[in-house]
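Enquirer: Below are the structure tokens for one structure; questions will follow.
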Amino acid sequence: MRCSHEGVCRDNVIKCFQMKRLALIILSLMMIGVTSLVAQSERSVVVGIDSRNYYIHKVAPEQGVAEIAELYSVTDREIAEENGLRDGEEVEEGMVLRVPCYERVSRMQPKRGDARYDRYRVEGGESLFKIAVDFAISLDTLIQDNPGVDITNLRGRTTLFVRRSAQGKSQLEDIEAESRRYATLLNSLSREYDYFVVEEGDTLYSLAVDRGVDIDDFIALNGNPALIYKGMTLKVKNEKMVNPENFSRTELGDYLDSLAQPRSKELMEYVAAESNQPLRIAMMLPLSDTLGRVRGNFVEFWQGATLAAEELNREYAAEESPRKVELGLFDTKRLESRVEEIMTSEDMWEWNPSLFIGPIYETNVEPVMEYIADRGRVIPVVSPLESTTKGSYGRHYYRLAPTEESRVSKLGGVVGPETNVIMVYTASYDEKMEGEMLSLLGNHPYGKVIYNEHFEVDSLNSRPIEELMAEEDNLFVVLADNEIDTDRSLAIISSMMNSRQPKYGGRRVPIRVIGSAAWARYKNMDKNLLFKLRVSYLAPYHADRGNRRVRDFDRRYMEAFGRAPSMFAYRAYDAVRLFASAMYGGGDLVTELNGSVVPLLQTNYSFTEEGGNMVNDSWALVTYLPNYTIEVQ
């Protein structure tokens with residue numbers, strides 16, 4: 001299958017939102033068992049949905065969007081966007097809405113030492129369902145007392161508050177019934193996951209096979225459960241973008257065929273009018289799987305690529321000798337046999353591609369390189385997402401993800417001879433980051449703060465922060481690997497900086513923090529601390545959504561496809577723009593790429609030869625500045 005440009009049918013997207021709203025209305029009739037979780041005139045509890053925290057709100061009589069927005073301190077637009085409502089559309093009594101929660105959930109929890117609760121330390125592999133059964137307590141109560149809890153994935157070593165007065169009050173069948181109601185509730189509110197309940201005889205393997213997902217990915221997504229039980233709720237990634245119902249094979253074929261249609265009549269006429277040989281880019285993407293389901297991430301990747309091609313063609317159209325970029329779409333299904341079928345097709349070689357972007361996975365790369373060589377051609381192949389490369393494919397294989405070896409060197413400038421380094425450990429910490437920092441420090445002295453599972457300083461093996469801080473140039477390396485411990489660590493460092501201020505004549509103690517790129521994805525952490533503490537982290541890619549160029553792309557993407565773009569769309573846009581411009585440069589491709597001044601959405605690239613491949617070695621050092629700007633080096 002191939003095309004010049006494409007677009008997802010907006011009618012289907014609108015239908016998806018309409019079906020979602022219908023599901024919300026139907027769901028309200030099923031909410032009798034969970035009304036204690038759904039607010040009318042008061043705020044509801046907070047539930048983890050799609051890796052973020054949301055209030056679940058049941059619309060009260062004569063209640064409108066504006067009133068609900070005021071109740072939760074959000075905007076009308078946020079509620080509309082989260083629930084697929086059109087501008088100005090009213091909500092109906094009984095509808096169930098999801099409302100973003102921006103507060104720190106740790107502040108909503110019962111206070112430590114509250115005699116009304118037992119504190120239970122979750123071990124790896126435990127589920128909320130099993131804990132509810134063990135304590136004979138309702139899921140409603142556990143969710144109320146533990147805001148933001150993900151009922152399908154409890155992070156190991158999380159602490160739950162278990163209400164003493166509610167223990168021993170629920171039967172197994174009651175907990176199973178609650179679990180089923182939650183699966184229905186979350187399915188109506190989630191865009192990323194499909195929730196379902198374990199039935200008698202189900203195993204992790206059988207469930208993964210039935211849903212066509214990788215067994216390891218499935219287990220990890222659900223918290224690596226040691227055992228599963230009849231009645232517990234699990235989830236799988238929802239990769240169906242256009243229609244929430246399963247695609248039949250016929251419908252899938254029709255859908256993928258629709259991607260091949262140009263997005264506008266004007267563009268179709270422009271492409272047909274050109275006689276010059278275009279730069280043809282073969283996009284080899286796993287758009288569907290063997291069970292006939294569409295992979296949403298790679299549809300978004302394709303959409304980002306089409307916007308880049310359209311933009312380039314508009315720019316080239318103004319030239320005296322117009323050039324042209326044409327995209328071809330090839331669905332690999334992540335199968336080597338399918339890749340071989342594509343590469344041996346005469347249609348492919350009659351089309352005469354000049355560049356391959358993909359296949360996405362390295363397991364599919366070798367047949368592509370072999371068939372290119374068999375044709376006696378020299379065609380660059382771009383790997384846009386793989387972060388490691390095991391094989392050696394030659395100087396015409398380009399990997400966009402940067403090398404691990406170049407990470408440490410990027411941090412070389414943050415530690416000076418007089419820098420006072422303090423390593424902050426928590427009960428669970430990032431061992432990889434620890435190793436990198438110790439390698440960077442070498443013989444440079446450093447202090448150590450260790451917090452135990454109760455977030456108290458381990459005084460036998462470390463010293464408190466206040467004893468380790470210096471008057472100048474304090475660099476904290478926070479090794480926490482989860483949101484709660486990260487937030488606590490930064491709050492303590494911030495508090496210590498404030499308390500030390502009078503000692504130095506009212507001047508704040510200079511502080512910098514090195515952390516993880518994962519912090520940018522945390523939804524409930526106090527982001528003000530990132531700016532206050534001048535947090536820096538290394539990222540393979542970074543897109544500044546405050547940048548005018550990125551905002552313009554976001555606008556165009558939403559106009560074309562009806563939703564906000566993901567990093568997959570950004571990556572594809574950058575790959576097409578970067579390589580098309582370099583190949584039209586006419587010189588050595590590596591020289592053109594490394595000297596490129598093409599404005600990109602994410603980071604710049606610098607390619608060097610490594611292991612017989614051309615690999616990017618450019619990491620982005622992202623720093624939050626006190627003036628609330630972000631610097632990227």
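The values are calculated or read from the model by the stated rules, or taken from the named source; none is laboratory data. Everything numeric here is computed off the predicted structure, so don't read it as measured data. Ideal geometry is used to build each Cβ from the backbone, glycine not excepted, and the neighbour counts take in all protein chains shown.
Enquirer: Restricting to the stretch 146-158, name every residue that is surrounded by fewer than 21 Cβ atoms within 10 Å (Cβ to Cβ) and either free of Cβ contacts under 8 Å to residues at least 60 places away in the same chain or assigned to a helix (DSSP H, G or I) (or both).
Expert: none
Enquirer: Further, regarding this structure: Going through Glu103, Glu62, Glu93, Glu78 one at a time, which residue ends up being part of a helix (DSSP H, G or I) and either surrounded by fewer than 18 Cβ atoms within 10 Å (Cβ to Cβ) or in contact with a strand residue (DSSP E or B) (Cβ under 9 Å, 6 or more places away or on another chain) (or both)? Explain how you work it out, then say what you get.
Expert: Details: Glu103 fails: part of a helix (DSSP H, G or I); Glu62 fails: part of a helix (DSSP H, G or I); Glu93 fails: part of a helix (DSSP H, G or I).
None of the other options fit; the residue is Glu78.
Enquirer: Just to be sure, is Tyr624 surrounded by 18 or more Cβ atoms within 10 Å (Cβ to Cβ) and farther than 21 Å from Ala401 by Cα? Can you show your working first?
Expert: Values: surrounded by 18 or more Cβ atoms within 10 Å (Cβ to Cβ): yes; farther than 21 Å from Ala401 by Cα: yes.
Answer is yes for this residue.
Enquirer: Residues to consider are Pro286, Pro278; find the one that is over 23 Å from the mean Cα position of the chain (by Cα), modelled with pLDDT of 75 or more and over 23 Å from Arg556 (Cα atoms). So that I can check it myself, show each step before the final result.
Expert: On the way: Pro286 fails: over 23 Å from the mean Cα position of the chain (by Cα).
The match here is Pro278.
Enquirer: Of the residues Ser106, Ser44, which is among the hydroxyl-bearing types (Ser, Thr, Tyr) and over 26 Å from Ala520 (Cα atoms)?
Expert: One residue alone meets the criteria, Ser44.
Enquirer: Another question, if that's okay. Sort through Glu326, Glu269, Glu245 and tell me the only one that's of a type outside the set (S, T, N, Q) and modelled with pLDDT of 50 or more.
Expert: Values: Glu269 fails: modelled with pLDDT of 50 or more; Glu245 fails: modelled with pLDDT of 50 or more.
None of the other options fit; the residue is Glu326.
Enquirer: Let me ask you something else. Given the condition buried (at least 19 other Cβ atoms within 10 Å of the Cβ) and under 24 Å from Asp50 (Cβ atoms), answer yes or no: does some residue in the stretch 113-127 qualify?
Expert: Checking the stretch 113-127: at least one residue is buried (at least 19 other Cβ atoms within 10 Å of the Cβ) and under 24 Å from Asp50 (Cβ atoms).
Enquirer: Ok, one more. For the stretch 163-182, name all the residues that are surrounded by fewer than 21 Cβ atoms within 10 Å (Cβ to Cβ) and of a type in the set (A, V, I, L, M).
Expert: Matches in the stretch 163-182: Ala166, Leu172, Ala177.
Enquirer: Let me ask you something else. For the subset of the stretch 408-441 comprising residues that are of a type in the set (Asp, Glu) and part of a helix (DSSP H, G or I), which member is surrounded by the most Cβ atoms within 10 Å (Cβ to Cβ)?
Expert: Applying the first criterion (of a type in the set (Asp, Glu)) to the stretch 408-441 yields 418, 430-431, 434, 436.
Filter again for part of a helix (DSSP H, G or I), leaving 431, 434, 436.
On the way: Glu431: 10, Glu434: 14, Glu436: 18.
That would be Glu436.
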